[in-house]
Amino acid sequence: LGTDTTYFRPDVASPDYVYDIFSIPKDRRIFLYMGHMEKRKGVDSLIQAAKILAENYERRAFHLVILGNRDGNERVFLPLIADSIAQKHITFGGYRNDIPFLLAGCYAGLIGSTGWDSFPRSSIEMTASGLPLLVSDLPGLNETVLDGKTGFIFPPGDFYRLAMLMKQLLDDPILRNNLGNAARERAVNYFTIDRQLQELITIMNKLIGKII
């Protein structure tokens, strides 16, 4: 689970980079998902939350960027936002090789899995980049944040709750910054490659000692 926290960091690129790449108005705060598109990943929940944020809460200063789609598999989600103002606030960005530079300009990370999940590497990359995370309460995934300290946890599939949390971060940038700073600190302290290697070495030494 270790990542290069010198490569994934808040200031690795201009915050305008992600806006310029995807032609997003710079007055919007970007929520980012990056991962697979299969049903268990809950991409539909993220889109539904964006709809609620735009329609029910009448928020316009946000944008949802979804990375990981290919071969047109984003088309299955398009009916969810047909005739909705939210469609102007959602971008499917495909597969990318410039992830650290995109993360530098984002506001928060989203992982809304509704089926099984794990402790995904994407969560570490986002936290190392100083993004608070909003994640669903599934085993493994719920360990990626300290609830209320580096992000928030919501019930799987509860896109109303997710929309409310997104609204909370939009309305309280100080809270967002505090969560993001704490997320970055946690990544640097616990999820660097060196730290993970040292933990593995310690465990192996203990096991070898027991065998000998």
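A few points about this structure:
- Extension gain from residue 12 to residue 39, taking 0.36 nm per residue of separation minus the Cα-Cα distance: 6.5 nm
- If the chain linking residue 23 and residue 181 were pulled fully straight, counting 0.36 nm for each residue of separation and taking away their Cα-Cα distance, it would gain 54.2 nm.
- Cα-centre dipole for the chain with unit charges at Cβ (Lys and Arg positive, Asp and Glu negative), debye to 20: 160
- Listed residues 90, 170, 126: farthest to the positive end of the dipole of the chain (Cβ charges): 126
- 164, 34, 126, 204, reordered so the largest accessible area comes first (probe 1.4 Å): 204, 164, 34, 126
- Taking a Cβ cut-off of under 14 Å around residue 67, the surrounding Lys, Arg, Asp and Glu residues balance to a net charge of +1, with basic ones at +1 and acidic ones at -1.
- Aspartates and glutamates with Cα under 17 Å of residue 88, excluding same-chain neighbours fewer than 8 positions away: 20, 27, 44, 55, 58, 74
- Within the shell of other residues whose beta carbon sits under 11 angstrom from the beta carbon of residue 155, the net charge comes to -1, with Lys and Arg scored +1 and Asp and Glu -1.
- Binned Cα-Cα distances of the chain, short to long, each 5 Å bin given as a whole percent: 1, 8, 15, 19, 21, 16, 9, 4, 3, 2, 1, 1, 0, 0
- Solvent-accessible area, 1.4 Å probe, carbon plus sulfur percent, for the chain: 53
- Taking amide hydrogens as placed 1.01 Å from N in the peptide plane, the amide H of residue 130 sits under 5 Å from those of 184, each at least 5 positions away in sequence or on another chain.
- Separation in nanometres of the label points that stand 7 Å from Cα toward Cβ, at residue 168 and residue 147: 1.1
- Residues in region 113-133 that a label on residue 188 would reach, taking backbone N under 18 Å of a point 7 Å out along Cα→Cβ: 124-133
The values are calculated or read from the model by the stated rules, or taken from the named source; none is laboratory data. Please read all numbers here as calculations on a predicted model, not as lab measurements. Methodologically, a virtual Cβ is constructed for each residue, glycine included, from the backbone with ideal geometry; neighbour enumeration extends over all protein chains shown. Please note that ligands, DNA and RNA were not included when accessible areas were found on the heavy atoms of the full protein model with its side chains. Shrake-Rupley method; radii C 1.70, N 1.55, O 1.52, S 1.80 Å.
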